[in-house]
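Enquirer: Quick one: the structure is below, questions incoming.
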Amino acid sequence: MYHGVGPASPGWLWNHLTTPVDVFEGQMSLLKERGWSTISLDELYAHMAFGRKLPGKPVVLTFDDGYLNNWVYAYPILKKYGHRAVIWISTDFVDPRDLVRPTLEDHWEGKAELEELSAPGFVSWEELKRMTGSGLIEAQSHAKTHTWYFSGPRVIDFHRPEEAGGYSAPPWLGWNMYPDRKFEYISAGLEKDIPLGTPIYEHGKSLVTRRYFEDKGLTARLVGHVSANGGAGFFLNRDWRQDLLEIVGDSPGGGRFETDQEYEGRVRAELVQSREEIETALGTEVKFLCWPGGGRNQRVIRIALEEGYLATTTHFNDPQRRNVYGQDKTEINRVGCGSPWVWHDKIFHRTDPGFFLAMLSDFAGNKKSIWIMRLYKLRYVFRCYLFGKC
């Protein structure tokens, strides 16, 4: 499981999920050197369902979310070493513009300077079409919205300027308010367009949350109060939070939960629409689903299978699941890519290709690999604490 490959994007909430370009290339080079075979999800499913024989050392490489850097950096390296991969697409985030941006391959050919390569953002349909047309990349569903929804009436915070307490709205607040602009949120910063004072309620991942629809009247009163009392300057008042909480406490509860029928209909629509959008745009078949943020339960898994998905990513790094014949063919288990590797809240990006390969081997059932992994981990921890290189 990868997300992004490319330069760091300081200030971006999920910057830690990006694997450095040279680290990724080292991993792909070693995969080829050591004889690993990158296979498709169809091949994996045929093995799990029917016992179909796989090549030696098989592995499925997957990329969550469809970031632009998958096209700019990851795809040229995959092509260089002849590896195949899967990109899980959340269709709300695909860049709708008719764009084909320069890639690392253009840089290698002298057509673009390294500094000219853009990375923050998401792939366009045309870029996806070129990747899937190569035969190396398959696009599968990561659902449609990949967001969070309010899950109850309890207000836990308010949108305010970053300088007022060092807090800005979670990105999904902007996604839900401006869904047509989700593809540009990394570079555009949608939080600046959210009215100050907007309440943030308790929340959960969209596909496993029975959605709470906020009281619009309360939101209007809160936003209006902030606007009438200085806007951003309102938050310089030491008692601003108590002031807003009093408005919340004095307001009648005007919100509501979606019904059980609405919830199930929403989940079905999201899973079906994302598949249809990918198939229509790319002319490919979508059979597999990766749950956004891992948010899933038995009910949504059942819905996905009822709607025609062959399998979903229902496990992560489960030592009892090896994705082999005899196990449930509808449940795919995954493992992290080793960069980032997280230890006690410290994030390590600059890991070795050997560490990546040891993680894969351990995941595939080679028990000796765990000792190699431990040696690498000790090295990274010592390097971090002795030399500050984390």
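Enquirer: Consider Ser168 against the criteria (1) at pLDDT below 95; (2) in contact with a Cys (Cβ under 6 Å, 6 or more places away or on another chain); (3) not basic (Lys, Arg): it satisfies all of them except one. Which criterion is unmet?
Expert: (2)
Enquirer: Still on this model: Does Glu306 count as loosely packed, with under 14 Cβ neighbours inside 10 Å, at pLDDT 95 or above and charged (D, E, K, R)?
Expert: yes
Enquirer: Can I ask one more? Return only the number of the condition from (1) exposed (fewer than 15 other Cβ atoms within 10 Å of the Cβ); (2) assigned to a strand (DSSP E or B) that Thr314 does not satisfy.
Expert: (1)
Enquirer: Kindly indicate whether Asn366 is out of contact with any strand residue (DSSP E or B) (no Cβ under 9 Å at 6 or more places or on another chain), under 22 Å from Pro55 (Cβ atoms) and free of Cβ contacts under 8 Å to residues at least 40 places away in the same chain. Let's see the steps before the verdict.
Expert: Numbers: out of contact with any strand residue (DSSP E or B) (no Cβ under 9 Å at 6 or more places or on another chain): yes; under 22 Å from Pro55 (Cβ atoms): yes; free of Cβ contacts under 8 Å to residues at least 40 places away in the same chain: yes.
Judged against the criteria, Asn366 is a match.
Enquirer: Out of Gly135, Gly152, which single residue is part of a strand (DSSP E or B) and surrounded by fewer than 22 Cβ atoms within 10 Å (Cβ to Cβ)?
Expert: Only one candidate passes the filter, namely Gly152.
Enquirer: May I pose another question? Before we move on, is Thr280 part of a helix (DSSP H, G or I), in the same structural domain as Trp88 (by TED's automatic domain parsing) and more than 21 Å from the chain's Cα centre (by Cα)?
Expert: The answer is yes for Thr280.
Enquirer: Please go through the stretch 75-125 and pick out each residue that is touching a His at 6+ places or on another chain (Cβ under 7 Å), under 21 Å from Asp64 (Cα atoms) and either of a type in the set (Val, Ile, Thr) or surrounded by fewer than 18 Cβ atoms within 10 Å (Cβ to Cβ) (or both).
Expert: Result: Ile89, single match.
Enquirer: Could you please give the count of residues in the stretch 170-207 that are touching a helix residue (DSSP H, G or I) at 6+ places or on another chain (Cβ under 7 Å) and in a loop (DSSP other than H, G, I, E, B)?
Expert: Within the stretch 170-207, residues that are touching a helix residue (DSSP H, G or I) at 6+ places or on another chain (Cβ under 7 Å) and in a loop (DSSP other than H, G, I, E, B) number 6.
Conditions tested, residue by residue: (1) within 27 Å of Val100 (Cβ to Cβ); (2) touching a residue at least 40 places away in the same chain (Cβ under 8 Å); (3) among the aliphatic types (A, V, I, L, M).
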site: Pro7; (1), (2), (3): yes, yes, no
site: Thr19; (1), (2), (3): yes, yes, no
site: Arg34; (1), (2), (3): no, yes, no
site: Pro58; (1), (2), (3): no, no, no
site: Val72; (1), (2), (3): yes, yes, yes
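Enquirer: Within the stretch 225-250, take every residue that is more than 12 Å from Ala164 (Cα to Cα) and touching a residue at least 24 places away in the same chain (Cβ under 8 Å) and give me the one that is surrounded by the fewest Cβ atoms within 10 Å (Cβ to Cβ).
Expert: Ser227
Enquirer: Can I ask one more? Only one residue in Asn297, Asn333, Asn323 is on the phi > 0 side of the Ramachandran plot, at pLDDT 95 or above and polar (S, T, N, Q), so which one is that?
Expert: Within the list Asn297, Asn333, Asn323, the selection yields Asn323.
The values are calculated or read from the model by the stated rules, or taken from the named source; none is laboratory data. No experiment lies behind these values; they were computed from the predicted model shown. Counting neighbours? That spans all protein chains shown, and the Cβs are built from the backbone with ideal geometry, glycine included.
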